[in-house]
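What follows is a single structure, written as structure tokens, with notes after it.
The values are calculated or read from the model by the stated rules, or taken from the named source; none is laboratory data. Computed from a prediction, not measured in an experiment: that's the story for all the values here. Quick reminder, even Gly has a Cβ in these numbers, built from the backbone with ideal geometry, and neighbours come from all protein chains shown.
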Amino acid sequence: MATPGAAPPPSRRVPEAVHRRRWAILAVLLLSLLMVVLGNSVLNVAMKTIAAPAPTGLGATQSELEWAINAYTLVFAGILFTAGLLGDRLGRKKVLLFGMVVFGLGSALASMAGSPGELIAYRAVMGFGGAFVMPATLAIIMNVFEREEQPKAIGIWAGAVGLAIAMGPIAGGLLLSRFWWGSVFLINIPIVAVALVAMTILVPDSKDPRPGRLDPLGVLLSVVGLVLLVYGIITGGRLADFTVPEVYGTAAAGLLVLTLFVLHERRSEHPALDVRYFRNPAFSAAVTSLALVFFALMGVTFLMVFYLQSARGYSPLHSGLLMLPLAAAQMVFAPRARLAVARFGARAVCTGGMVTVAITMAGYVLLDRDGPVWLMEVLFFCQGTAMAHISPPATVSIMQSLPREKAGSGSAVNNTFRQLGAALGVAVLGSLLSAVYRSGIRDRLDAVPGLSADARHAAGESIEATLTAARRLGPAGHELVGPARDAFVHAMHVTVLGASAVALLGALVAALFLPAGRPGRPGGGAAPPGAAEKTEEAEEGAGAGQ
């Protein structure tokens, strides 16, 4: 019985039947999320095996291996925004199920690829399916959880992403120790089957009740612009040279098309993306901070794989296990980041997290060829803890800045900027690593007898290329191993300092522009133009569509 004079309980915008099963829904969404992230990260472990001649592998060249990874990234990043829009218009559950089916089909085909060209094509199919899964998971979370529980749910979602990134090398190492290279893709099939059944039963559908007219020109411009930009970034990283016309010309064309996209969206009566949302610092600063921190994080994660396996000689499985503190910290602290935000505010938490990421990245200069493992583990754990206090509050700030009906497009913007930051990080920091390494190993390669000019050039591209050349030279190549590892460690030190500087830039953005209060609360930033009047009505419509 209600106490006389007590305030009535807040009305629930999520239907009661959905509210009761919200945590089961989240568990199913995390299953699909883990599958997509694992499906991408696990390939790194299988690269050497796929490069081996048949029947062990496919005999893929270095360029073909790079495109096996990049085909996924290119399609995934290019389609993300469109996939989010389709989820808002057609229904997020429908789009999620479609993405899962396509991803599963691409995985099955990739596991049976008979040539590097087939593998590249099927990886592109996987990227296409994954682009429909990622934004849908976050959009559904926004529509099955009440506003006060959204930070906790998003924290769990962000922690799962970090866990999946670290689980990829472990899962891949275990599979490759017992099965053929295609098993790293085939393992997705039973996960897809279980997830599809659970989603059909548990996950409600939701969509924008008033999506308005289609904006085909805006969608086309976004796809073309993102694909061109990401292609230029990837190619620059692959060639370790951003001065090639193919690189800067393609990237500049992508930026030009995206500029036309923004101009078109500003004038359109039914824009695919209301660019006025970027006037809200709770939205734009959070998006920028996420892009910068993923730039630094993914670039360093990329080089740490080579540090552990090539410079220190650990196996893929051992390397994956050593990176567990990074994942464990994110899994433990990401769901609890909301408590820090509630006490200190989003600005303080994100800024502190970015500064900590910068410090831990600079701390990698303390690692050498034979440094203590415990120091590396402490750095991984501290970096994971810092990430756990950046990604969840920034994502909450982005998602709660938009009406619930626009959760799909908001999630797509969030994931697109993450992906762009990650691609840039791998390309730019990878190029810096390559340039410094080549400078450090050049003199030693010039002194090795029996190496042609072309062979010296190829051997200087990376530490793996140098070690491969050393193995082919036999006893004469043994003298290259130590200098190659020393040159790599020096290049890594230079690169992590660059990544640290980028993280500090992200901290500056967060400190200057993120709202001081809790996202979506008083002091958390003004609503974007026109959003406040529509939010209440939109949430009711979105809830009714579930």
(request) With a cut-off of at least 3 residues that are under 24 Å from VAL36 (Cβ atoms), name the helices (runs of 4 or more DSSP H) lying wholly within region 380-493. (result) 391-399, 407-424
(message) Suppose we filter PHE132, PHE128 for residues that are in a helix (DSSP H, G or I), modelled with pLDDT of 85 or more, surrounded by fewer than 23 Cβ atoms within 10 Å (Cβ to Cβ) and out of contact with any Lys or Arg (no Cβ under 8 Å at 6 or more places or on another chain); which single one remains?
(response) PHE128
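Okay, residues lined up against (1) in a helix (DSSP H, G or I); (2) closer than 29 Å to MET47 by Cβ:
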| residue | (1), (2) |
| --- | --- |
| GLY162 | yes, yes |
| ARG178 | no, yes |
| THR200 | yes, no |
| VAL227 | yes, yes |
| ILE233 | yes, yes |
| THR243 | no, yes |
| THR250 | yes, yes |
(message) Out of everything in region 83-140 that is β-branched (Val, Ile, Thr) and in contact with a Phe, Trp or Tyr (Cβ under 9 Å, 6 or more places away or on another chain), what residue ends up being farthest from GLN400 (Cα to Cα)?
(response) ILE120
(message) Testing ASP368 on (1) surrounded by 17 or more Cβ atoms within 10 Å (Cβ to Cβ); (2) touching a residue at least 40 places away in the same chain (Cβ under 8 Å); (3) not polar (S, T, N, Q), one condition comes back false. Which one is that?
(response) (1)
(message) Condition first: over 30 Å from GLY353 (Cα atoms) and at pLDDT 80 or above. Can you find one or more residues in region 486-497 that meet it?
(response) yes
(request) Inspect all residues belonging to region 367-376 and state whether any of them is closer than 30 Å to PRO135 by Cα and in a helix (DSSP H, G or I). (result) no
(message) Between a residue in region 336-359 that is on the phi > 0 side of the Ramachandran plot and assigned by TED's automatic domain parsing to the domain that holds GLY384 and any residue that is outside any helix (DSSP H, G or I) and of a type in the set (Gly, Ala, Ser), which pairs come within a Cβ distance under 6 Å, given they are 6 or more apart or on different chains?
(response) GLY345/ALA516; GLY345/GLY517
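Condition check: at pLDDT 80 or above, out of contact with any Leu (no Cβ under 6 Å at 6 or more places or on another chain) and surrounded by fewer than 19 Cβ atoms within 10 Å (Cβ to Cβ). Does ARG279 satisfy that? Full working, then the answer.
Numbers: at pLDDT 80 or above: no; out of contact with any Leu (no Cβ under 6 Å at 6 or more places or on another chain): yes; surrounded by fewer than 19 Cβ atoms within 10 Å (Cβ to Cβ): yes.
No: the conditions fail for ARG279.
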